[in-house]
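The values are calculated or read from the model by the stated rules, or taken from the named source; none is laboratory data. Keep in mind that what you see is a predicted model, and the values were worked out from it rather than measured. No Cβ is skipped: glycine too gets one built from the backbone with ideal geometry, and neighbour counts run over all protein chains shown.
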Amino acid sequence: MLLIRSFKSKSRIASVLLGLMLVVNCWAVPPQAATKGEREKSTVTQQKMMEELNRYPGLLEEYGRLLERFQREIRLPPVRTQSQLLRMLPQSTTAYAAFPNYGAAAHRALDIFHEELKDSVPLRDWWQHTQAGLKNNNPEALLKNYYQLSEYFGEEIVASGTIKQNGGGLLLIAEVKKPGVEDFLRSVVKELAGKSTPPQVLNLKELATAKDTSDHPVILVRPDLVIFSTDLKTLRSFNTKLGSGEPTLDTTAFGKRLSESYQKGVEILMAADLRSILGQMPKGRGDDQLVLKRSGFADVKYAIWEYADVSGQAPSQSELSFVGPRRGIASWLAAPARLSGLDFVGPDAGLVFSVLLKNPAEIFADIKELTNSPQGMQQMANLEPMLMPILSQLTGDLTLELDAFPPASSEWKVILGTRDVNALRESLSPLLTQVQPREIVKDGETYYLLQVPNGRKQLDVSFSFQPGYLVLGSSQEGVAKAVLAHRSGESLGKSEQYRAALPPGPADASAIMYQNSAGFMNAILSKLPPEVTRDLLQANSGQSVSVVNALYGEETVIRQASGSGASGVAPVLIIAAIAIPNLLRARIAANEAAAVGSVRTMNVAQVTYASRYPAKGFARDLATLGSDAEQSAPRPARAQLLDSVLGCSSGTAGSWCTKSGYRFTIQTNCMQQRCGQYVALATPVSINTGQRSFCSTADAVLRFKAGPPLKSVISASACKLWEPLR
């Protein structure tokens, strides 16, 4: 989900605003002593995050409603079709980044947030609690300062970088819209004094007499511009050239390429003149230079990334260009064509990567040419007789599907295009004879199953030969599902959901990465407590986001474009992707702490029972230590030493009582009427509620063992072999 990047700018401002508040709130946790280790510090943070959801029910739902208002009411700066600042930068500029002035939009976002605070009890309670721990890290104050500063600036802010063999410099430039910026900057610097090393603020008169303080940052305030620089030397050089009539960046080939981006309309523009940067880099060893040349990346020219929410245009576009036709590794991406491997992918897939590569046999030859060590060359020579017959039958059409996230627990499938599936089967026959896969025939299709050694575990792999394809997967059922999708025509590649998520332009591509929030959400929701699941569903409002990032391999350039069928839910998913793993760990930590406390309570109850009823010794089970519904006087059969949950009426010998994600039991060793030894045991209900089991005996020492939940009760002697809890 962290890969979902193409949500609109309004939602992006919302995420920045609330994300900053959430992050700072976590930082407000008092730091733990270093001697206790990072694990304890992490646990404190996780517990705090879990407490946030438990303390403020409905917070995620309110967050989703707030995002809707951001999306509906915030007006963003219009796209820009030209740049005055571009015409001021030096010809030596090799890196460029331009951003709009988001000050007014950020200020409106803050106003909406305050309005929602008045109407939303969970949001208001959470924010009041958060502010109490923020102290000097209040994001609201930072946003207010940013807005006040932005009022002095024009519509665009540009960063410019220059890389040279003897160093370089960075410039950050904005046009001045109204007077007073110098006084404002000086007041901000004064506030920062003593807390950090703020930049020095200079006007033109002070610049003339300023002493060079090496790499100390400096800000120059001119009547027309505010210029930030990493050092005084770079600032002086740039200021001297301003208005001197010297050629500027817009007269260079790199500058003209940037102007082309502006003409299409941009919101954010980032670029690097890679050709010039490589030319300024120190020359490496001869072997390194040869490898770089053979890879094809010695021919790179420009890297460009554009973002603009313009109708009929992909919101995010980028390109990597070359000075000539792509070669070596840079040429592995084939020309755009139909990605037929998508016909085997189900429409409910969570993440799909499909790519067209040039001839795999040629790729192997390129790898051989890049190998420059004798050992590596020998290994390639040994592999060639076995691999070349197989690679020669592959087309380079490769598709990977994950049904859900995280990848470690999801079902995967790989679809490989073949020139002749029977010839591929023949080429693989020597290998298949050695591994001897099991053959299964089902519904007229033949599937093969084998186990591949993977450390201490076995990796299950199933595969099937289909006309023009080899389909592999983590299970026979998954491969059969892929075959059915292809046979029925009900596949991702032919679905409206996929087509709607494609970037504007041709449907053919060299590679795509497809993401579907429904797959992610289903995997997440299956692991969450019901109350969190409810809030996420309400915040999501039943929406589903499909995102496609596409690559297009052209002769001298590789282009990228992203498209999205919807965007409102993306920030919620991003927050969920960041928070939920921590929340789950926090819930587990809280459950484990409660389980330890319950086992201690069971020990105390046993000691009390033995002293109260010496003829009985220890209690036989939890039911004996518990309470009954009538709350009658304590007696040997119901000692009233545990509450009705931990000492449940069904907690007889061999049975369990459940509390806070754990199951509890007591097994006692009894001789005739008296019981002289026992084991108190706590084990998680599932792997999502705990990762350790706990036990204790009559010695009252708590012990633990990490691993999956126990299915049966252990003996007291087995308990004493577990690691003591410290």
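So the values come out like this:
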{"read-out": "Ala594 vs. criteria of a type in the set (A, V, I, L, M), assigned to a loop (DSSP other than H, G, I, E, B) and either surrounded by 15 or more Cβ atoms within 10 Å (Cβ to Cβ) or in contact (Cβ under 8 Å) with a residue 40 or more places away in the chain (or both)", "value": "no"}
{"read-out": "Boolean, Leu402 is in the same structural domain as Tyr552 (by TED's automatic domain parsing), within 17 Å of Ala511 (Cα to Cα) and surrounded by 14 or more Cβ atoms within 10 Å (Cβ to Cβ)", "value": "yes"}
{"read-out": "Filter result for Leu76 (closer than 28 Å to Ala159 by Cβ and either over 28 Å from the mean Cα position of the chain (by Cα) or buried (at least 20 other Cβ atoms within 10 Å of the Cβ) (or both))", "value": "no"}
{"read-out": "Qualifying positions in segment 455-473 - surrounded by 10 or more Cβ atoms within 10 Å (Cβ to Cβ) and modelled with pLDDT under 90", "value": "Gln458, Leu459, Asp460"}
{"read-out": "Asp119, sole failed condition from (1) under 31 Å from the mean Cα position of the chain (by Cα); (2) modelled with pLDDT under 90", "value": "(1)"}
{"read-out": "Qualifying residue in segment 83-93 (condition: assigned by TED's automatic domain parsing to the domain that holds Asn145 and either without any contact (Cβ under 8 Å) to a residue 24 or more places away in the chain or more than 20 Å from Tyr262 (Cβ to Cβ) (or both))", "value": "yes"}
{"read-out": "Residue tally, condition surrounded by 15 or more Cβ atoms within 10 Å (Cβ to Cβ) and touching a Ser or Thr at 6+ places or on another chain (Cβ under 8 Å), over segment 371-388", "value": "1"}
{"read-out": "Enumeration of residues in segment 671-704 that are more than 12 Å from Gly661 (Cα to Cα) and either in a loop (DSSP other than H, G, I, E, B) or without any contact (Cβ under 8 Å) to a residue 12 or more places away in the chain (or both)", "value": "Met671, Gln672, Gln673, Ala698, Asp699, Ala700, Val701, Leu702"}
{"read-out": "Among (1) modelled with pLDDT of 95 or more; (2) within 30 Å of Leu76 (Cα to Cα) - the single one Ala253 does not satisfy", "value": "(2)"}
{"read-out": "Cβ-Cβ under 8 Å pairs, at least 6 apart or on other chains, segment 250-273 side free of Cβ contacts under 8 Å to residues at least 60 places away in the same chain, far side assigned to a helix (DSSP H, G or I) and not polar (S, T, N, Q)", "value": "Lys256/Asp250"}
{"read-out": "Failed item, numbered, when Asn25 is tested on (1) among the polar types (S, T, N, Q); (2) within 20 Å of Phe113 (Cα to Cα); (3) at pLDDT 85 or above", "value": "(3)"}
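Residues checked against (1) assigned by TED's automatic domain parsing to the domain that holds Asp403; (2) in contact with a strand residue (DSSP E or B) (Cβ under 7 Å, 6 or more places away or on another chain); (3) closer than 30 Å to Pro315 by Cβ:
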site	(1), (2), (3)
Ser462	yes, yes, no
Ala482	yes, yes, no
Glu490	yes, no, yes
Gly493	yes, no, yes
Gln515	yes, yes, yes
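Matching residues to (1) touching a Leu at 6+ places or on another chain (Cβ under 8 Å); (2) aromatic (Phe, Trp, Tyr); (3) surrounded by fewer than 20 Cβ atoms within 10 Å (Cβ to Cβ):
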residue: Ile227; (1), (2), (3): yes, no, no
residue: Gly243; (1), (2), (3): no, no, yes
residue: Ser259; (1), (2), (3): yes, no, yes
residue: Gln263; (1), (2), (3): no, no, yes
residue: Ala271; (1), (2), (3): yes, no, no
